[in-house]
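Inspection log for the structure reproduced underneath, given as structure tokens.
What follows draws every value from the coordinates through simple rules; no lab data is involved. Note that this is a predicted model, so its numbers are computed, not measured. A quick note on method: Cβ atoms are made from the backbone with ideal geometry, for glycine too, and the neighbour counts reach across all protein chains shown.
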Amino acid sequence: MPALTDFTPTTELLTGSPKMMYTYFLLNQCAKYLDAMQNPKNINVDSATAALLAFCPDVPKRNQFWDAFVERKKDTEVGTITASILTIGDFQAYLSEVLEFTEKSAGVF
Amino acid sequence: MDDEIKAHIEAAGVPLSTYTEGYTDLGPANRSALKRFVNICDKIYKNKLPLPPSPFIEFVVERTTGKSKQDFTGMIDGKKGRGKSTTTGYEEARYAIEIADKWGQDPKDYFSLDNCALLEDTEGIMRILEEAEKYQAIMLDDASLALGSRDFATQKNKNLNKIMTACRPKRWFVMQNAPMTSHIDLQQRELMDFVAHVYKSYHDGGFNIIKINSEEFTYRMGKKRVYEKRFSFYDRKIDFYCAYSPDIFDPFEGFMEKYDKQREEATNRLIRDISGQEKTRSNPVNKREKNILDLLEKHGWTIKKMKEELNKKGKPTSLYQISAETGLTPHMINVLYARLKKI
């Protein structure tokens, strides 16, 4: 897996809001993570998953995701790589809600 | 909610969550969201379903009757004929029903046509405010007439601004209408808690879609900032509000008909007043002229009579005698006599 520390944000994004910066950073890491998962031969999947989950801003939620990963891993039919991808998928769904990637509409009377 | 009503709602194709959760989930915020909401509003109206709860009105009632001793004022804008008055009537009628439910009273105790200032000038609005009891819903229709931004420094605007600034202990729910919020005096706008806009009118469908935002003004570091935010209820930011006619509520049946009639009378009165003012403006009577006319009315007959009597006796006109009788200066007596000769 490529080093997770080679993140160099562009000048324009450095002036963005913290939410924007965080989103950019995380999506960057996710792209690298997906690259790594496509060629997982020399990768320590546990560490890669933990490294990505480490950026979850909510500590109890982070532990919850990690526990889910460990649980899934036990299922031999699923396997470590799939368990990792599914867990990161859950993490993204959670972030999507928290960061309001998909804004929902509502009406009242 | 009993099973029969539940079945009726489901048969009409209205999601039950609209009633149980207090808001209608419209899915992703895209153009179709409005269409989805309109469909639901339309189904509720056409199938005569019970109205879903209104978290906005519950919030207003909580605020005016709560411990924090707040009132709630706002304005609604929209072009002529878009349904500003109907929308205001609906919100205020719903408020009256909610607050009456809370205290077990008649909704008409809190909102009626007497609480509506229809095309009133400042004096008319002040009369309504003077008579309004606590916790009332008050509608200032076409508020730009009494609180126009072009009259911003006049004494009447200043006086009304003073009342609206200090009226918090009255705990009113005041809604003002204007075609554009900028038509209303700036100080008045800065006192608003919310601004609403008639987003879409569905006159045929019997409802309007409104957008309501909370409004806050701050003045910091020499700059004025305006913050407009959507209201959030049940952890959801609300994009659209549906407003039917107040006639939909039993206690306010026929309200809009009576309102329209009064409004027409108010329009005629306004046109008559303004055309009268315009005539005076185009044919002004200045102060000096007015004074002469007043004096002529008061002393004209005395001056004429004394002059005629002196002439009969063959004596010259004595200005001093007339002056002693009327209290006018000899010059003024001459001016008035010259006028009298022309008549």
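Some points to look at:
- Computed over chain B, relative contact order equals 15 percent, with contacts defined as Cα pairs under 8 Å that lie 6+ residues apart.
- Counting only residues at least eight positions apart within a chain, or on another chain, the lysines with an alpha carbon under 25 Å from that of A:Lys104 are A:Lys19, A:Lys61, B:Lys35, B:Lys43, B:Lys200, B:Lys211, B:Lys229, B:Lys237.
- Loop-resident GluC sites (Glu not before Pro) (DSSP state other than H, G, I, E or B) in region B:220-282 with no more than 12 further Cβ atoms inside 10 Å of their Cβ: B:Glu253.
- Taking the longest Cα principal axis of chain A as reference, the axis of helix A:18-38 is set at about 30 degrees.
- The H on the amide N of B:Gln176, modeled in the peptide plane, is under 5 Å from the matching H of B:Gly74, B:Met75, B:Ile76, B:Leu140, each at least 5 residues off or on a different chain.
- Shown here for region B:155-198: chymotrypsin sites (Phe, Trp or Tyr not before Pro) in loop regions (DSSP other than H, G, I, E, B) with at most 16 other Cβ atoms within 10 Å, of which there are none.
- q = 0.11, 0.12, 0.13 Å⁻¹, the protein assembly as shown: log10 I(q)/I(0) [Debye, one scatterer per Cα]: -0.97, -1.05, -1.14
- Counted as membrane-span-like here are DSSP H helices of chain B whose alpha-carbon atoms extend 27 Å or more along the helix's own axis and whose Kyte-Doolittle mean is -1.0 or above; these are B:84-103.
- Whole-angstrom gap from region A:82-109 to region A:34-76, using each part's C-alpha centre: 18
- Spherically averaged projected area of region B:54-277 from its Cα convex hull (nm²): 13.3
- Considering helices alone, the calculated mean residue ellipticity of chain B at 222 nm is -15000 deg cm²/dmol, with DSSP H runs of length four and up weighted by -39500 (n - 2.57) and normalised per residue.
- A P(r) calculated from all alpha carbon pairs of region B:1-89, with 5 Å bins opening at zero, reads 3, 11, 16, 17, 19, 17, 11, 6, 1 percent.
- A simple rule links phi to the HN-Hα coupling: the Karplus curve 6.51 cos²θ - 1.76 cosθ + 1.60 with θ = phi - 60°, which for region A:48-53 gives 4, 5, 4, 4, 6, 5 Hz, with x for Gly and Pro.
- Our coupling estimate for region B:209-224, obtained by passing each phi through the Karplus curve with A = 6.51, B = -1.76, C = 1.60 and θ = phi - 60°, is 9, 10, 10, 10, 10, 6, 10, 9, 10, 10, 10, 10, 6, x, 10, 8 Hz, Gly and Pro reported as x.
- Building the convex hull from the alpha-carbon atoms of region B:287-342 and averaging its projection over directions returns 3.7 nm².
- A viscosity of 0.890 mPa s and a temperature of 25 °C, combined with the Kirkwood radius over Cα pairs in Stokes-Einstein, give a translational diffusion coefficient for region B:216-258 of 172 µm²/s.
- Dividing the Cα radius of gyration of chain A by 2.2 N^0.38 Å, with N the residue count, gives 1.20.
- Separation between Cα centres of region B:3-19 and region B:165-220, rounded to whole Å: 33
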